[in-house]
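Beneath this line is the structure, given in structure tokens, with notes to follow.
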Amino acid sequence: MAKILLTGGAGFIGSHVAEALLARGDQVTVLDNFNDFYDPAIKRSNAALVEAAGGVIVEGDIRDEKLVDELFANGGFEGVIHLAAMAGVRPSLLDPLHYEDVNVRGTLILLERIKLCKGMPFVFASSSSVYGGNKNVPFSETHEIHHPVSPYAATKRAGELMCYTYHHLYEIPTSCLRFFTVYGPRQRPEMAIHKFVRAVIDGQPIPFYGDGTTERDYTYIDDIVSGVIKSLDHCKGYEVFNLGESDTTSLSSLVEQIGQACGSKPVLDRQPMQPGDVEITFADISKAKELIGYAPETLIPEGLQRFVNWYRAQRAPVE
């Protein structure tokens, strides 16, 4: 059993990670500011599930230095999983200064406290967006990534670099995790799969960007949670890991499979490619397999059907 500080633990990925840690007997303190990037009621519902499982919820911001100091002084933490961030490529183009403040400065505030806790493992949520327009696929952690194409991607790469600096200076064991398009129950409502399923079930057109040939490595939430926990348990030195399914699905195929899972034919609202979007994401997960035993299991047809079933269940009226 370990005492874990989990930032962003009321969010999509964070709430699932919190539940998994609690289920294996860890003590989890969640720090989340319940911001209005999407409906805070969704995050409060997630937080209620975490509380019901035995987690402690602290409402506050990672940039609140006094609060962070108090948590570290009183929490007795033995590890930190840092998932809190401003997310999304397209929104980051509209408010890059806020993204930098939360994603970079917020991470530095945590690192400043962790450096005083000798040997405390630190897991940092990065993103596949750091690979930018890389066309050398599958994406490997050894590839050069000097050309991020959105402020969000740049802040995540900056976070990785700060993590390395603090590891070098203060010997903080650190795992940086590059997530590849995570989906599943509780997925944020503005993300593609959630938005597309909602549109198909409601009989509304799907916003369809480009010609449908863009490809993504969609990763089911259970596989991501397994990777996060394994990276905490095997946190040594400084490592960067891709966490994906190591498979790709085109936008056209994704929409077709969503239609099949929903039992309805999608209607497309064709629009041009958006600034900051990339042609492909595709994870080489051989390093994560070798070093932490990461082994994703959920293929896209199964994952989509699970998501559709969850979506319908949570939308169903209470008798």
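Just one of Ala18, Ala53, Ala23 is without any contact (Cβ under 8 Å) to a residue 40 or more places away in the chain, small (Gly, Ala, Ser) and crowded, with 18+ Cβ neighbours inside 10 Å; which is it?
When all the criteria are applied, what remains is Ala18.
Any residue that is closer than 14 Å to Ile229 by Cα and at pLDDT 95 or above - is there at least one of those in the stretch 39-58?
For the stretch 39-58, residues closer than 14 Å to Ile229 by Cα and at pLDDT 95 or above: absent.
Show the residue pairs meeting these rules: Cβ distance below 8 Å; 6+ apart or different chains; first residue within the stretch 165-188 and on the phi > 0 side of the Ramachandran plot; second residue hydroxyl-bearing (Ser, Thr, Tyr) and buried (at least 21 other Cβ atoms within 10 Å of the Cβ).
Hits for this filter: Thr181/Ser128; Thr181/Tyr218; Thr181/Thr219; Thr181/Thr281; Gly184/Tyr220; Arg186/Ser15.
Residues of the stretch 110-153 being assigned to a helix (DSSP H, G or I) and either modelled with pLDDT under 95 or closer than 20 Å to Glu245 by Cβ (or both), which ones?
Ser128, Ser129, Val130, Tyr131
Could you tell me which numbered condition Ala84 fails, if it satisfies all but one of (1) crowded, with 18+ Cβ neighbours inside 10 Å; (2) out of contact with any strand residue (DSSP E or B) (no Cβ under 8 Å at 6 or more places or on another chain); (3) among the aliphatic types (A, V, I, L, M)?
Going through the list (1) crowded, with 18+ Cβ neighbours inside 10 Å; (2) out of contact with any strand residue (DSSP E or B) (no Cβ under 8 Å at 6 or more places or on another chain); (3) among the aliphatic types (A, V, I, L, M), Ala84 breaks only (2).
Each row is one residue, and each column tells you yes or no for (1) closer than 20 Å to Cys235 by Cα; (2) not in a helix (DSSP H, G or I).
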residue	(1), (2)
Gly9	yes, yes
Leu21	yes, no
Leu31	no, yes
Arg44	no, no
Val50	no, no
Asp69	no, no
Asp101	no, no
Val104	no, no
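I need the strands (runs of 3 or more DSSP E) fully contained in the stretch 168-270, keeping only those with at least 3 residues that are modelled with pLDDT under 95 and touching a strand residue (DSSP E or B) at 6+ places or on another chain (Cβ under 7 Å).
Fully inside the stretch 168-270 and qualifying: 206-209.
The values are calculated or read from the model by the stated rules, or taken from the named source; none is laboratory data. Only a predicted model underlies this, so the values are computations on that prediction, with no experimental measurement involved. Please note: Cβ atoms are built from the backbone with ideal geometry, for glycine as well, and neighbour counts cover all protein chains shown.
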